Amino acid sequence: MSMEVHILGTSSARPTRKRQVSGSLVHCDEGIVVVDAGEGFQTRYAEQRKRLKNFEKGTTLRASRINAVCLTHGHLDHTWGLLPWMHTMALDKREAPLLVLGPTSKEVFDSLLLSNEIPESAPNAELARQMRSWQSLGATTADLGYPVQWILGDVMGDRWLELIPGQQPVQVKKMPQPHGWKKTRIQPVVTRHTVPSCGWMVESKGSPGKFNRLKAAEMKLTDAQKTHLSSGEDLELADGTVLKALDFRGMRRPSTRLVISGDTAEMAEGFTSLDNVDVLVHEATFLDDAQQWADEFLHSTSTGAARTAVACSARHLVLTHFSARLKEASVSLNEAVTEASDSELAVTSASDGDRVVIRENGVIHHLVWHDDGWSS
């Protein structure tokens, strides 16, 4: 199963002439997940769709295939484009259900569950405030005309709450998955920031290699025998010969793991507990000479992102979320490459419109957007 991330915003906090704020789409065989949607998201999304139409025939990002929105935290450069885009989908007569997920704190979770109130001590960027506000502005199933499920999570405690308009919130047994998805799962990743936050991992299950029908036909096996072998069971023939199911399969397709960090300090617990990550898209707000600011505001430097990527055995690190003060990402990239020089980690830096593709065979391509298409 292939997987692809479209990076539509690579600036932190505020847009620049070349970079917009956070927003990405992860495209897999079963559908599409949006990870963050800062201001102007729907414009950037429309631009990427137009680019694909003009320069990448056969690849689309249809809104009807977007099954979930995963928010990393409540800062507006990560959330403020969600509501208008949801209303646009209603105007376009969307019918498919949409799952919206985001993190909250233990204190807010408990207060909502017990009294349906958000504590006054909760930060202004608390996602519970925004979700309730969006619902009051018409982001409901009844007003939009398509099913919307709003889910808040105490990620550390693995507890999940559904915010239902006009009703008491309801705790759900486990975090919901996008409607109809069977081979791919979304999983929150614990991060460390100034407000409740998490990263998101999109993981596809591994699968057996393709069944060798030609070999089975050459051996004149019956349909029942082919079915037996293709189900993974060894087969004993009438003459006592045992056919191994694995001998009729091609190379196993490994699982695929793509992780997007959101805002976080380096070496967050959720990342260091992972392994075998294929692609890590990680914030790199600051350069090394601004480490004190990274520590104070719980962001990462480019070298911190590299250390995190090595810790979770990532194969490819993509740097993003650059400070508006940074004119070029080349310095950030060089610092991360130097930090990762003793490992096998590949490091690239993202620009708006880039695509990072993980092929079925595991090969990773970072496709850089230019005005006339993408190049690797």
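The values are calculated or read from the model by the stated rules, or taken from the named source; none is laboratory data. Bear in mind the structure is a predicted one, so any value in this text is a computation, not a measurement. Neighbour counts run over all protein chains shown; Cβ positions are idealised from the backbone, glycine included.
Examine the stretch 90-101 for a residue that is in a loop (DSSP other than H, G, I, E, B), crowded, with 17+ Cβ neighbours inside 10 Å and free of Cβ contacts under 8 Å to residues at least 60 places away in the same chain, and state whether such a residue exists.
Looking through the stretch 90-101, at least one residue is in a loop (DSSP other than H, G, I, E, B), crowded, with 17+ Cβ neighbours inside 10 Å and free of Cβ contacts under 8 Å to residues at least 60 places away in the same chain.
From the set of residues in the stretch 248-284 that are buried (at least 16 other Cβ atoms within 10 Å of the Cβ) and of a type in the set (Asp, Glu), which is farthest from HIS6 (Cα to Cα)?
Here the residue is GLU266.
Do we find that LEU71 is surrounded by fewer than 19 Cβ atoms within 10 Å (Cβ to Cβ), of a type in the set (A, V, I, L, M) and under 27 Å from HIS193 (Cβ atoms) in this structure?
no
Could you go through the stretch 34-46 and let me know if any residue there is more than 30 Å from ASP372 (Cβ to Cβ) and in the same structural domain as ASP354 (by TED's automatic domain parsing).
no
Say we look at the stretch 211-239 and pick out the residues that are basic (Lys, Arg) and loosely packed, with under 13 Cβ neighbours inside 10 Å; which of these is modelled with the highest pLDDT?
Among them, the one singled out is LYS220.
One residue is enough: does the stretch 128-145 have a residue meeting the conditions without any contact (Cβ under 8 Å) to a residue 24 or more places away in the chain, in contact with a strand residue (DSSP E or B) (Cβ under 8 Å, 6 or more places away or on another chain) and part of a loop (DSSP other than H, G, I, E, B)?
No; the residues of the stretch 128-145 include none that is without any contact (Cβ under 8 Å) to a residue 24 or more places away in the chain, in contact with a strand residue (DSSP E or B) (Cβ under 8 Å, 6 or more places away or on another chain) and part of a loop (DSSP other than H, G, I, E, B).
Taking helices (runs of 4 or more DSSP H) that fall entirely within the stretch 200-300, which contain at least 1 residues that are outside the structural domain of ARG315 (by TED's automatic domain parsing)?
Filter on the stretch 200-300 gives 213-218, 223-230.
Does ARG355 meet the test of being closer than 20 Å to MET3 by Cβ, under 21 Å from the mean Cα position of the chain (by Cα), among the charged types (D, E, K, R) and crowded, with 23+ Cβ neighbours inside 10 Å?
Yes: the conditions hold for ARG355.
Determine the pairs where a residue that is in contact (Cβ under 8 Å) with a residue 40 or more places away in the chain and under 23 Å from PRO254 (Cβ atoms), located within the stretch 210-233, has a partner that is assigned to a loop (DSSP other than H, G, I, E, B) and not β-branched (Val, Ile, Thr) with Cβ atoms under 7 Å apart, the partner being 6 or more residues away or on another chain.
The qualifying pairs are LYS210/GLY250.
Out of the stretch 147-164, which residues are surrounded by fewer than 17 Cβ atoms within 10 Å (Cβ to Cβ) and in a loop (DSSP other than H, G, I, E, B)?
Answer for the stretch 147-164, where residues must be surrounded by fewer than 17 Cβ atoms within 10 Å (Cβ to Cβ) and in a loop (DSSP other than H, G, I, E, B): PRO147, MET156, GLY157, ASP158, ILE164.
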